[in-house]
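In what follows, a single structure is set out as structure tokens and then discussed.
The values are calculated or read from the model by the stated rules, or taken from the named source; none is laboratory data. As the structure is a computational prediction, the values presented were derived from the model and not from experiment. Note: ideal-geometry Cβ built from the backbone for every residue, glycine included; neighbour counts use all protein chains shown. Keep in mind that these areas ignore ligands, DNA and RNA; they rest on the heavy atoms of the full protein, side chains included. Shrake-Rupley method; radii C 1.70, N 1.55, O 1.52, S 1.80 Å.
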Amino acid sequence: MVQTLLCAVPIPLVLIGANEYIEYANDPAIELLGSGLQGRHFSSVLRQPALLEAIETALSSRKSSKSRYQSNVGDQVALYDVTCAQAGESKVLVSFEDVSPLHEAGQMRSDFVANVSHELRSPLTALLGFIETLRGPAKDDSVARDRFLEIMEREASRMTRLVRDLLTLSRVESEERVRPSKTIDVAQVLKTCIQTLKPLAAGSNVTLCLHDNDQEKSSVLGDADQLQQVFINLIENSIKYGGPKGNVSVSIQYSPHEPGLRGPAVHIEVADNGEGIAQIHIPRLTERFYRIDSHRSREMGGTGLGLAIVKHIVSRHRGRLKIASIKGKGSTFTVILPAS
Ligand code: ADP
């Protein structure tokens, strides 16, 4: 009866008898620790000292104890919270709760804080350095003062952009599970974006044009401000990384059946004929602060958060982001949104 119950529990469980030998292990435990567990002494199976100590404490003191267990399969590491609980007649039930996702989330959070601190530290160091120079050696040098103030303004603007993007990212993430409910005309949103970015394109010597073949079929359930942010980020990148004298072409097309979305969709494509992106970088481009060339991205005023923001907004709209690129030929970013 007890074994039938233990067998139905989906987490690894090992029952150790008063004689310290394993009486029973359910299937998840066999998957974690290997077969042939029954009848073996627990110390020959669970070899990690902290866990052995916890089991011994539970066996001798008849009190529950807790420990950690780490399993390594290939290069996959999993971390378990282990509870050794009294299970009557001096037996101990050892249960393993997989806490790897929590642990990974914690790790990601601390990496993120380290990245943000690093990004803020360099402009701050520059600002403090220039303040000191302006107070000391360059006090009476008006030419140097103007040049330094210009650099200081640039560094301060960089921090402002970083903080703005961080706030946008956090807002978008907090809303990610709330599906937008307004009907939006994507073609209209794109037109506004093109108008906004025309001066930037002209200033960078880039031709920017919009092809909208299916204007009457471009409505989606969306958040207009967020979609505008998506297209602005993508078009801005194409202008930035597309290089001077480049062409950035934005197109919108209706697809009556999009297999990945199981229904009709609107495709928005932003293509440039710039430097392109090597294949190994493509899967990581939407990670926060991932840049192919950090120095260059910073020089161009990038924060490394633009595509992360794009990914979260597209995911909130239950859409897809596809990136295709050929090094030296150019890149195409396609946003696919469910049509309404
Ligand atoms: P950034 O602020 O650095 O532009 P993004 O998240 O927008 O940050 O982009 C991440 C990185 O992806 C950029 O640093 C750049 O290396 C690369 N990238 C983005 N768009 C393009 C593009 N159209 N062509 C080439 N590289 C691009």
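Within region 287-316, being polar (S, T, N, Q) and either within 14 Å of residue 165 (Cα to Cα) or near the ligand (Cβ under 7 Å from one of its atoms) (or both) holds for 297, 303. Across region 247-272, what is the number of residues that are within 26 Å of the chain's Cα centre (by Cα) and open to solvent by 70 Å² or more (accessible area, probe 1.4 Å)? So the answer is 3. So for region 210-221 (the condition being surrounded by fewer than 14 Cβ atoms within 10 Å (Cβ to Cβ) and part of a helix (DSSP H, G or I)), does at least one residue qualify? Yes, region 210-221 has at least one match.
Does any residue of region 266-279 turn out to be of a type in the set (A, V, I, L, M, F, W, C) and part of a helix (DSSP H, G or I)? No, every residue in region 266-279 fails to be of a type in the set (A, V, I, L, M, F, W, C) and part of a helix (DSSP H, G or I).
Might you let me know whether region 55-69 holds any residue that is in contact with a Phe, Trp or Tyr (Cβ under 8 Å, 6 or more places away or on another chain) and not hydrophobic (A, V, I, L, M, F, W, C)? Taking every residue of region 55-69 in turn, at least one turns out to be in contact with a Phe, Trp or Tyr (Cβ under 8 Å, 6 or more places away or on another chain) and not hydrophobic (A, V, I, L, M, F, W, C). In region 269-286, of all residues being under 22 Å from residue 205 (Cβ atoms) and of a type in the set (A, V, I, L, M), the one that is nearest to the ligand (Cβ to nearest atom) corresponds to 277.
Exactly one residue out of 204, 170 is in contact with a Lys or Arg (Cβ under 9 Å, 6 or more places away or on another chain) and either within 30 Å of residue 335 (Cα to Cα) or surrounded by 15 or more Cβ atoms within 10 Å (Cβ to Cβ) (or both): that is 204.
Exactly one residue out of 309, 336 is part of a strand (DSSP E or B) and more than 19 Å from residue 274 (Cα to Cα), and it is 336. When you check residue 149 against the structure, is it exposed (fewer than 13 other Cβ atoms within 10 Å of the Cβ) and aliphatic (A, V, I, L, M), yes or no? Yes: the conditions hold for residue 149.
Just one of (1) within 11 Å of the ligand (Cβ to nearest atom); (2) more than 21 Å from the chain's Cα centre (by Cα) fails for residue 332. It is (2).
Selection within region 317-329: residues that are open to solvent by 60 Å² or more (accessible area, probe 1.4 Å) and either among the polar types (S, T, N, Q) or assigned to a strand (DSSP E or B) (or both). The member of this set that is nearest to the ligand (Cβ to nearest atom) is 326. Of the numbered criteria (1) more than 16 Å from residue 200 (Cα to Cα); (2) touching a Ser or Thr at 6+ places or on another chain (Cβ under 7 Å); (3) surrounded by fewer than 22 Cβ atoms within 10 Å (Cβ to Cβ), the one residue 244 fails is (1).
Pairs are defined by a Cβ separation below 6 Å, a sequence spacing of at least 6 or placement on different chains, a first member in region 273-284 that is open to solvent by less than 100 Å² (accessible area, probe 1.4 Å), and a second member that is more than 10 Å from the ligand (Cβ to nearest atom); the pairs so defined are 273/247; 276/326; 276/328; 276/329.
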